[in-house]
Amino acid sequence: MEQHKHCQVCGRPIPVDETFCSEKCREEYEDMVSKRKKRMYVVYGLLAVLLIVIFARYMM
Ligand SMILES: [Zn+2]
């Protein structure tokens with residue numbers, strides 16, 4: 001049986017030494033990752049604000 005894996009974006013079979021089947025899928029994947037990263041920053045930002053609010057209440 002020939003060894004292969006699947007494109008992480010569309011699931012098409014690709015050679016083992018490749019990660020994506022096309023440039024389009026690579027761009028799509030990088031776009032997805034950067035969106036996820038941005039969302040993480042938003043979550044951390046909200047947590048920081050929450051901590052500051054709690055801290056400020058303790059100081060009053
Ligand atoms: Zn693909």
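Evaluation of residue 2 against the conditions (1) more than 16 Å from the ligand (Cβ to nearest atom); (2) assigned to a helix (DSSP H, G or I); (3) not hydrophobic (A, V, I, L, M, F, W, C) shows that the sole unmet condition is (2).
For residue 52, state whether it is surrounded by 10 or more Cβ atoms within 10 Å (Cβ to Cβ) and out of contact with any Cys (no Cβ under 7 Å at 6 or more places or on another chain). When the stated conditions are applied, residue 52 passes them. With the structure loaded, tell me whether residue 9 is aliphatic (A, V, I, L, M) and within 15 Å of the ligand (Cβ to nearest atom) or whether it fails that test. Yes, satisfied. Inside region 24-53, can you point out the residues that are of a type in the set (S, T, N, Q) and either touching a residue at least 12 places away in the same chain (Cβ under 8 Å) or in a strand (DSSP E or B) (or both)? Within region 24-53, no residue meets the criteria. Evaluated against (1) at pLDDT 95 or above; (2) more than 16 Å from the ligand (Cβ to nearest atom); (3) hydroxyl-bearing (Ser, Thr, Tyr), residue 58 falls short on exactly one condition, (1).
Scanning region 5-15 for residues that are at negative phi and part of a loop (DSSP other than H, G, I, E, B) yields a count of 6. Would you check if residue 21 is surrounded by 10 or more Cβ atoms within 10 Å (Cβ to Cβ), within 15 Å of the ligand (Cβ to nearest atom) and in a helix (DSSP H, G or I)? No: the conditions fail for residue 21.
The values are calculated or read from the model by the stated rules, or taken from the named source; none is laboratory data. Worth saying up front: this structure is predicted, and the values here are computed from it rather than measured. Cβ: placed from backbone, ideal geometry, glycine included. Neighbour counts: every protein chain shown.
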